[in-house]
Amino acid sequence: MSDIPVGPKRVDASKRTWLIASGCAGAVGGVATAIPFVSTFQPSEKAKAAGAPVEVDIGGLQVGEKITVEWRGKPVWILKRSPAQIAELPKLDPQLADPESKRNPSEFTPKYAQNENRSIKPEVLVVVGICTHLGCSPTDKLQAGPQPSLPDDWQGGFLCPCHGSTFDLAGRVFKNKPAPDNLPVPPHKYLSDTRLLIGEDGTGNA
């Protein structure tokens, strides 16, 4: 009868590494098995990258509040404007490079947003938060009044920190700025008064 070794045994370091890796792989596998259940409730990351529509609940959005959602890897801003902010928009037309959003409408402004508010509902702005100059993301400058890098009569909007382009609260670019176009309005539509679908508008645009 052969002797059965007892007591502590030396463990090969290379085997220890493999055992740890195997354990980690098992843990990852356990997480992976849960993903299909979660993904049934929302688009997968691959689907989002491919342009799957994103549904957003804006029922709790307050006046002056802005939220950001991701669509096709881009930040989409949803801003609820006040009646006073909406009333100021037409007054800015002389200062803007494209006040009526006529430049490249198929790329930047769908027909239903070719109005003074650049929106379906006057109070809700929906734009892609990427500057049309070199792709930086503008910062919020929603408060009216004098501020660094902004004119004294500033009525609220967005400032690109990279090269100084400025946009009003409809995403329209001011004259004599590096950005050539207004902020893009993505395809979108309302599913209800409080549900917004980004990435599809019912006109074939997506």
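The values are calculated or read from the model by the stated rules, or taken from the named source; none is laboratory data. Quick caveat, the model's predicted, so the values are computed rather than measured. Cβ sites come from the backbone with ideal geometry, for glycine too, and all protein chains shown count toward neighbours. Just so you know, the surface numbers come from the protein's heavy atoms only, side chains and all, with ligands and any DNA or RNA stripped out. Shrake-Rupley method; radii C 1.70, N 1.55, O 1.52, S 1.80 Å.
Among the residues of the range 143-158, are any assigned to a strand (DSSP E or B) and open to solvent by 10 Å² or more (accessible area, probe 1.4 Å)?
No, because not a single residue in the range 143-158 is assigned to a strand (DSSP E or B) and open to solvent by 10 Å² or more (accessible area, probe 1.4 Å).
Please enumerate the residues belonging to the range 102-123 that are open to solvent by less than 70 Å² (accessible area, probe 1.4 Å) and more than 13 Å from N205 (Cβ to Cβ).
N115, E116, N117, R118, S119, K121, P122, E123
Quickly run through the range 50-95 and pick out the residues that are within 19 Å of I130 (Cβ to Cβ) and of a type in the set (K, R).
Correct list: K66, R72, K74.
Residue pairs, Cβ under 9 Å, 6 or more apart or interchain, first in the range 85-100 and at pLDDT 95 or above, second open to solvent by 60 Å² or more (accessible area, probe 1.4 Å) and among the small types (G, A, S). List them.
Partner pairs satisfying both residue conditions: none exist.
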